[in-house]
1. How many of the residues in region A:252-280 are under 23 Å from B:SER292 (Cβ atoms) and either under 17 Å from the mean Cα position of the chain (by Cα) or among the charged types (D, E, K, R) (or both)?
2. Look through region A:185-200, keep the residues that are touching a helix residue (DSSP H, G or I) at 6+ places or on another chain (Cβ under 9 Å) and exposed (fewer than 14 other Cβ atoms within 10 Å of the Cβ), and return whichever of them is modelled with the highest pLDDT.
3. Of all residues in region A:9-30 being more than 7 Å from chain B (Cβ to nearest Cβ), more than 22 Å from the chain's Cα centre (by Cα) and not polar (S, T, N, Q), which is nearest to A:THR173 (Cα to Cα)?
4. Looking at A:GLY67, A:GLY9, A:GLY33, A:GLY15 in this structure, which one is assigned by TED's automatic domain parsing to the domain that holds A:LYS144, without any contact (Cβ under 8 Å) to a residue 24 or more places away in the chain and at positive phi?
5. If we keep just the residues of region B:348-361 that are in a strand (DSSP E or B) and within 13 Å of chain A (Cβ to nearest Cβ), which is surrounded by the fewest Cβ atoms within 10 Å (Cβ to Cβ)?
6. Residues being among the acidic types (Asp, Glu) and either more than 8 Å from chain B (Cβ to nearest Cβ) or under 18 Å from A:ARG337 (Cβ atoms) (or both): count how many of those fall in region A:282-292.
7. Tell me, please, whether a residue that is among the polar types (S, T, N, Q) and part of a loop (DSSP other than H, G, I, E, B) can be found in region A:155-171.
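The values are calculated or read from the model by the stated rules, or taken from the named source; none is laboratory data. The shown structure was predicted, so the numbers you read here are calculated from the model rather than taken from an experiment. In this analysis, Cβ positions are derived from the backbone assuming ideal geometry, glycine residues included, and neighbour counts consider all displayed protein chains.
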There are 2 protein chains.
Amino acid sequence: MKAEVISIGTEILLGEIVDTNAAFIASRLPQFGIDMLYTSQVGDNPDRLSEIIHRAWNRSDIIFCTGGLGPTEDDLTRETIAKALNETLYQDEAQAEILRNFFQGRGGDMPERNLKQAQLIKSARAIANPRGTAPGWWVERENKTIVVMPGPPSEMTRMWEHEVAPHLEEKATSILVSRTLKTSGVGEGTLDEMIGPLLHSTNPSIGVYARVDGVHVRISAKGKNRQKALELIEPVEREAREILGDSIWGSDDESLSGSIGRLLQMNNLTLGLMESATGGALASSLTDIDGSSSYFKGSIVTYATEAKIMAGVSSETIEASGVISEETATAMAIAARTKLQSDIGIGITGIAGGEEVEGQPPGTMHIALADEKNNITYSHSRYYQGRDAAKRRAVLTALTMLRQHLIKRN
Amino acid sequence: MKAEVISIGTEILLGEIVDTNAAFIASRLPQFGIDMLYTSQVGDNPDRLSEIIHRAWNRSDIIFCTGGLGPTEDDLTRETIAKALNETLYQDEAQAEILRNFFQGRGGDMPERNLKQAQLIKSARAIANPRGTAPGWWVERENKTIVVMPGPPSEMTRMWEHEVAPHLEEKATSILVSRTLKTSGVGEGTLDEMIGPLLHSTNPSIGVYARVDGVHVRISAKGKNRQKALELIEPVEREAREILGDSIWGSDDESLSGSIGRLLQMNNLTLGLMESATGGALASSLTDIDGSSSYFKGSIVTYATEAKIMAGVSSETIEASGVISEETATAMAIAARTKLQSDIGIGITGIAGGEEVEGQPPGTMHIALADEKNNITYSHSRYYQGRDAAKRRAVLTALTMLRQHLIKRN
């Protein structure tokens, strides 16, 4: 089955918004045995939108559209599809009722113009959108399908996961399931050699990919349905896990922060931070995980030197070794443990900005970890590609270090 | 002049990489008087790439391609364009020399296969790429132009700024320059009315846009060159600034965190935070600004309730009013000031997760600000679109509140 994705909206076309929807949809199609041919972006322009929809209808089996479902005159997706299919728009009373309830639930009346969002055509059924006012459209005609979803990513992804994906899975004649094992501490080449014996299989097939958070191993199998595909993956995954052991830190959508959360919970350990150069970014990454409040005590973001001293880093240490030093990072890790009464403490001090500090180059990061026996682990790096990258890299290093510590103590 | 953008690469098409190049290019075209018609993504597939290039050549005056310029067999952009234009690829000796020097500069020999990147066609001249091995192509024929740039954004944007944009500016018969004034605290409709008298001008033209960080007013002028356009903008900008006054928090690429940093510095004030639900995200946003260490003291990320108490929030307040309450937020703001010895303190407590806490719905956020006279400002919101969105929204609310406080005290 051939598919294409059309992202609709002048703001997308003009680059005022980056189109993340197309990538989201594209990345989820292989599992349903759907081949991606094209993605394109078009403005809220009836002629060009119409041209693109016609071409897509002629060359693809399934078309995914996002955007242009708002209540204003600019929003033309419904009108253009209706015209392209030569069908008439009508107001669907059930949808109008849902809209009225949506607005009432938020304590207001529905503006008249929103009624436009309750429109359907004969070949379309509405797709529920609990996060917004625009329902999607699922159009089927002449063995072709058009799936229309709202543009805001939070509405689109929710609709995809709850409404669109399950339906695609039902319709699929074969399903591709992938399992990604995420590793750290082993280079791409070495890992490739280690799992060499597994690489010759074609179903499941195995691929090795270097990513920012480590090297990923992807095992993909095709089957008549999800269960059959999983049965093919299972023995290969078991072998891969045996070979790779502790270098695997997580699988599939799991993040490093999530995997660390699991390890902390499993070991009944709590964590506290003292961050300087990362300015709260490490704490923010750890608290992206649901349930993190059970192991994450907090972070003392001590941007100013006096804040470090108030938080328990001795001024003698800072004077003797400098703020940007192994000694200060270690003192911060220990102080974080004490202040936040956590089992493990991490301290980060360094230079996120583009200028030298205390004779050390931009991008220098000192990271220390202290555990409840006052064992200290330490790491430092010097590498500069701008402020954001420096913060991100330090967060990743700290997470990797923490994970390795948690593995080792078991 | 009509333009389109084609992003080439299977990883882009399959959504493994989000295409940021298309948005980058699109957002920079209006200034040269170039109209964007379409953007599209296509994989490293010769037939489909060829189809797209043919169609673009027929309907557009200028085509911007990115990607597919690597040294491997998958990289087909050069071959496909040559074929589409019915021209022959040849190896350009000057380019080959540049490539050899590039590799030597990094202490290695050039692999033979990289020679492919020194290829040109008769209608193309090479565009320098000091950040990578693939030069771009500037193709001119039959009054049409194709600009081909490498896919990695760091190479592409550098090439754009240093090589492509200056050339487009030279060729442009008129230049569009925009100045964006960013406001907060005024609704889109009200703002529209306020600047109503200015809206009738066509050159410069004025547009009002609701954005996540407030309402933006964009003044755009067309002139024979940049200087002429700026001269048209200047008086209208002055008028708009007079009308909008303090609601303007910044212009063009400035961020809310950056504008707040400026105000804090100007007033010689320091800031300290106590964050719970945002988990360090507010601190991280404030420290994205170079020089933030001069006014940002730090943040105490008190995820655990006991961490709040240790940091100076009284357990009586928490027991009496709950953790998720105005009272606790206020106590956190005051404690942040005291602990971090800052002039201004902000406290945030709320629910980033998807479940009810203390009978309050997901997304509830209580935000309080305390200044050095212990004046308290408070705000709360209830709105849930997922964990990330809840954190982001609270950060934005806190920044807006802080900015308003800083404006008012002047």
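1. Adding up the residues that qualify gives 1.
2. Step by step, filter region A:185-200, then rank; the result is A:PRO197.
3. Restricting to residues being more than 7 Å from chain B (Cβ to nearest Cβ), more than 22 Å from the chain's Cα centre (by Cα) and not polar (S, T, N, Q), the top hit is A:GLY9.
4. Values: A:GLY67 fails: without any contact (Cβ under 8 Å) to a residue 24 or more places away in the chain; A:GLY9 fails: without any contact (Cβ under 8 Å) to a residue 24 or more places away in the chain; A:GLY33 fails: without any contact (Cβ under 8 Å) to a residue 24 or more places away in the chain.
Exactly one residue qualifies, and that residue is A:GLY15.
5. B:VAL357
6. Here the count works out to 0.
7. no
This table checks each residue for (1) acidic (Asp, Glu); (2) not assigned by TED's automatic domain parsing to the domain that holds B:GLY9.
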position: B:TRP160; (1), (2): no, no
position: B:GLU188; (1), (2): yes, yes
position: B:MET194; (1), (2): no, yes
position: B:PRO204; (1), (2): no, yes
position: B:VAL217; (1), (2): no, yes
